[in-house]
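One structure is given below, encoded as structure tokens.
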Amino acid sequence: MALPAVTSKPEDRVAIAHLGQALKTALADEKSPLRSFLNGDPQPRRAIERDLEPTEVDDLLRFGVAEQTEDLLRPRFQAQLIGPHLVFSDLRQSMRVVRKTEERNAYVDPMWEGPTLSNLLVREPAESGLDMGCGCGVIALAMSTYCRRVVALDMNPRALMLARFNMALNGVDNVEVLESDLFSAVEGATFDRIVFNAPVGMELLPRNALESGEQILIRFFSALSKHLKSGGILHMNVCVKEWSRASFATNLRAWLGENQRDFQSLFIELWRVERGFKFKVRRWLAPFVLPRQYGRLLHIRRGLLIAERNGVARHAETASAYDTWATSLGPRFGASLVKSLMGADPGKARAGPATAVLNTLDDDHRPLGGSVTTAIFNKLQNVPAAALP
């Protein structure tokens with residue numbers, strides 16, 4: 001079955017924004033059948049018309065968001081509220097099923113990591129922002145609230161289609177959505193904030209494996225200095241490898257090239273893999289991805305990289321299962337925590353969690369916030385970048 005398409009046109013923008021507002025209003029009722037419908041479950045049309053006007057239900061059909069068989073409405077996409085924004089993406093499916101389809105590379109995932117990453121952004125006012133690999137636009141929507149203008153880039157035409165629809169759905173008009181291979185569509189442009197939800201790099205198909213992971217990272221970081229302004233901040237959801245002769249810190253400095261000393265960086269490890277079938281495939285492919293001088297592949301790490309172009313040549317690392325707390329503790333906590341970590345002196349003893357971080361939380365969330373902050377600061381350490389052989 002072919003993946004569905006949104007069928008809206010630019011002149012439909014006002015109607016789409018009206019529909020978005022109606023959907024968000026209806027979702028305020030936690031018992032609304034619309035919640036189940038937007039989560040991917042078919043519903044009788046009469047049930048949906050309890051929350052929406054008949055013309056609004058017609059718009060769901062007209063824009064290709066749903067289809068109707070007799071009285072039953074079937075969703076063709078799923079949607080969820082992420083902060084103040086309603087975001088549509090492809091229906092949740094098993095990735096085993098998706099990988100078997102001819103359109104597997106066009107599938108726009110249902111925001112597994114986007115909402116988490118959006119809650120860890122430093123949301124300070126900025127002139128310009130870039131969302132690299134925007135997918136359905138989760139990050140671009142978040143950036144639109146603190147950047148005067150945002151550019152969202154992706155290679156996947158369906159991702160661009162959904163991102164444009166989601167901008168219209170939320171009435172956001174300061175985001176430009178463009179097709180681009182990394183920075184190709186913004187040559188010569190510079191940005192105060194860049195966010196990149198990078199590919200995982202754990203693909204099993206040799207062709208895809210060789211085009212992800214380090215191959216994308218080398219291209220991205222070698223061009224980063226041309227596009228991130230002085231004082232600018234990069235947030236990056238990244239999958240990296242540790243080698244017997246080259247750590248991630250070492251490789252990062254090498255990829256940044258002659259401007260490497262401009263950047264202070266922090267890596268928060270989410271998880272690591274060092275055994276299993278997928279890891280064995282990656283280890284077998286390793287010599288084809290990077291030169292043998294890097295040595296033996298030790299493990300693969302997933303996490304959040306923050307880099308600030310502030311003239312501080314330092315790399316620090318810590319670890320936390322932030323996917324378990326970032327959403328519940330919210331964006332104010334995430335932003336304050338990241339800023340505190342970037343300003344901390346790794347390795348020095350602390351009396352307790354940063355007061356400024358905990359001040360972002362209400363009393364109910366302070367115990368969890370304090371536990372998270374203490375644990376993540378206690379693991380914070382400087383990591384030297386050894387010279388490449």
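The values are calculated or read from the model by the stated rules, or taken from the named source; none is laboratory data. The structure presented is a predicted model; accordingly, all values stated were derived computationally and were not measured. In this analysis, Cβ positions are derived from the backbone assuming ideal geometry, glycine residues included, and neighbour counts consider all displayed protein chains. We work out accessible area using only protein heavy atoms, side chains counted, and drop any ligands, DNA or RNA first. Shrake-Rupley method; radii C 1.70, N 1.55, O 1.52, S 1.80 Å.
Observations, loosely collected:
- Above-threshold pairs, the threshold being 27 Å between Cα atoms, out of 229/278; 100/278; 229/339; 100/280; 9/229: 229/278; 9/229
- Whole-Å semi-axes of the stretch 65-178's equivalent ellipsoid (Cα gyration tensor): 26, 16, 13
- Distance from the alpha carbon centroid of the stretch 7-28 to that of the stretch 288-337 works out to 37 angstrom.
- Under the Debye formula (equal points on every Cα, no solvent term), log10 I(q)/I(0) of the stretch 119-192 at q = 0.16, 0.24 Å⁻¹: -0.49, -1.08
- Around residue 270: net Lys/Arg minus Asp/Glu count, Cβ-Cβ under 11 Å: 0
- Nearest-ten-degree value, helix 214-227 long axis tilted from longest Cα axis of the chain: 90
- Each peptide in 46-54, 248-256, 162-170 was scored by the mean count of other Cβ atoms within 10 Å over its residues; highest first, the order is 162-170, 248-256, 46-54.
- The Cα atoms of the stretch 234-389 define a convex hull whose projected area, averaged across directions, is 10.1 nm².
- Residues in the stretch 376-382 carry Karplus couplings, in order, of 6, 6, 5, 8, 5, 8, 6 Hz; the curve used is 6.51 cos²θ - 1.76 cosθ + 1.60 with θ = phi - 60°, and Gly or Pro positions show x.
- The chain, accessible surface, carbon-and-sulfur percent (1.4 angstrom probe): 51
- A 1.4 Å probe run over the protein chains yields, for the chain, 46 Å² of accessible area per residue, whole-number rounding.
- Rounded Å value of the spacing that divides the Cα centres of the stretch 171-188 and the stretch 338-377: 35
- Using alpha-carbon coordinates, inclination of helix 157-169 to the longest axis of the chain, degrees: 70
- When the P(r) is computed for the stretch 1-147, the part past 19 Å accounts for 57% of the Cα-Cα pairs.
- Per residue, the chain reaches -10000 deg cm²/dmol at 222 nm when only DSSP H runs of four or more residues are counted, each adding -39500 (n - 2.57).
- Size descriptors for the stretch 287-346 (Cα atoms only): Rg and Dmax, in that order, 15.7, 44 Å.
- With 20 Å bins beginning at zero, the pair-distance distribution over Cα atoms of the chain amounts to 26, 56, 17, 0 %.
- DSSP beta bridges in the chain [antiparallel fraction, %, rounded to 5]: 55
- With one equal scatterer per alpha carbon and no solvent term, the Debye-computed log10 I(q)/I(0) for the stretch 317-389 at 0.14, 0.27 1/Å reads -0.44, -1.37.
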